[in-house]
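Following: one structure in structure tokens, then a few remarks.
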Amino acid sequence: MDEQVIKLAEETLARYKALTEELSDPDIYSDQKRYTEVAKEHARMRRGAEMAQELFEAIEAGDEARELIPQAENAEEREFFAAEARQAEERVEELSEKIRAELIDRDPNDDKDVILEIRAGAGGDEAALFAGELFEMYTRYADRLGFKHRTMSSSPAEVGGYKEVAVEISGDRAYSVFKHEGGTHRVQRVPKTESQGRIHTSTATVAVLPEAEDVEIQISQNDLEVDVYRSSGPGGQSVNTTDSAVRITHKPTGLVVTCQNEKSQLQNKEQALRILKSRLLERETREQQEREGALRQAQVGTGDRSAKVRTYNFPQGRITDHRVGLTSHNLEAVLAGEVDEFTQALAAKERADRLAAEAAGTPG
């Protein structure tokens, strides 16, 4: 029996019970900040606590069955208790693996909400249209999963689609679902403006950011340069008559975030700060991984046509993910939000890579 798993299961269950008791105390509602923190941690720990409870029940069932074997009155009864003991042992082993994946080997960002930043890459107008289709694909997928989503910032293109758009997706372990979507997505098709019927290749890039909580990323106001300007739509058409759009520059890193989707300057500033914090968290996480030797290729890369994580081929109605070698011929269904086949295959690859790294004695 894995002592590390048992110890962690005990700690998880004890912490979950303590949080449950704290939430049942009426006094907690007088401190909304504390209530929000406890409720979030409680929800985050529920899955692991339920597994831990099942694990201890399976261990107890196995112990009871083994104790009854010597007391059996005949061979048939002994075999019955022995079979129950074996079944309990198998259940303990299965739950131990699940708990290890859930509580030990898991990505600490998996429970977070996520921000997707989608940008048109190579290909001009066609790239902007494709960026819009990716935005629709991900929001439809979020709808299918019962997740909430809202557009945080956008820069629409004149022909349709987006030059760039950022969408927040919130739901149970949202980051764990979307985290492998980052990279350059390539589309191959005949554009509507193409008179010769030639297939063009265009790209859009997707960056996947775990949404940062205030306790994780602290920003000094002295490090920010905030500019306000008048919001505008495609082609410079005036949307607002007041300076409600906001541009925030983080001076230490040079990161720039603009927001003009909300009606008020204050709302746009709040949105821009949330995006900035998430970008800073992703940057900090990447730097930490590099320091630990877990070098990884940047999610977005160059955005050119040769660098790609997935290709969407319209003439042949197929999608290929180049990281796992998976091809689907259900292009329309995937663009309509049925992305599960790809996200599940990429999650399986992540688990396999981690196990391979552990076997080799290197950090995963």
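Odds and ends about this structure:
- Flag for residue 164 being part of a strand (DSSP E or B) and either surrounded by fewer than 18 Cβ atoms within 10 Å (Cβ to Cβ) or in contact with a strand residue (DSSP E or B) (Cβ under 6 Å, 6 or more places away or on another chain) (or both): yes
- Applying the criterion of being surrounded by fewer than 15 Cβ atoms within 10 Å (Cβ to Cβ), modelled with pLDDT under 90 and not charged (D, E, K, R) to the residues of segment 76-106, the residue that is farthest from the chain's Cα centre (by Cα) is 104.
- Check on residue 201, within 27 Å of the chain's Cα centre (by Cα), at pLDDT 90 or above and under 30 Å from residue 181 (Cα atoms): no
- Of 277, 263, all but one fail to be among the basic types (Lys, Arg) and modelled with pLDDT of 85 or more; the exception is 277.
Yes/no matrix, rows are residues, columns are (1) farther than 30 Å from residue 55 by Cβ; (2) in contact with a helix residue (DSSP H, G or I) (Cβ under 7 Å, 6 or more places away or on another chain):
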{"residue": "102", "(1), (2)": "no, yes"}
{"residue": "114", "(1), (2)": "no, yes"}
{"residue": "120", "(1), (2)": "yes, yes"}
{"residue": "126", "(1), (2)": "yes, no"}
{"residue": "155", "(1), (2)": "yes, no"}
{"residue": "163", "(1), (2)": "yes, yes"}
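- Taking (1) under 24 Å from the mean Cα position of the chain (by Cα); (2) assigned to a helix (DSSP H, G or I) in turn, residue 116 satisfies each apart from (2).
- Of the set (1) assigned to a helix (DSSP H, G or I); (2) within 29 Å of residue 351 (Cβ to Cβ); (3) out of contact with any Gly (no Cβ under 7 Å at 6 or more places or on another chain); (4) at pLDDT below 90, all apply to residue 14 but (4).
The values are calculated or read from the model by the stated rules, or taken from the named source; none is laboratory data. A quick note: this is a predicted structure, and the numbers were derived from the prediction, not measured. Positions of Cβ are backbone-derived with ideal geometry, glycine not excepted, and every protein chain shown enters the neighbour counts.
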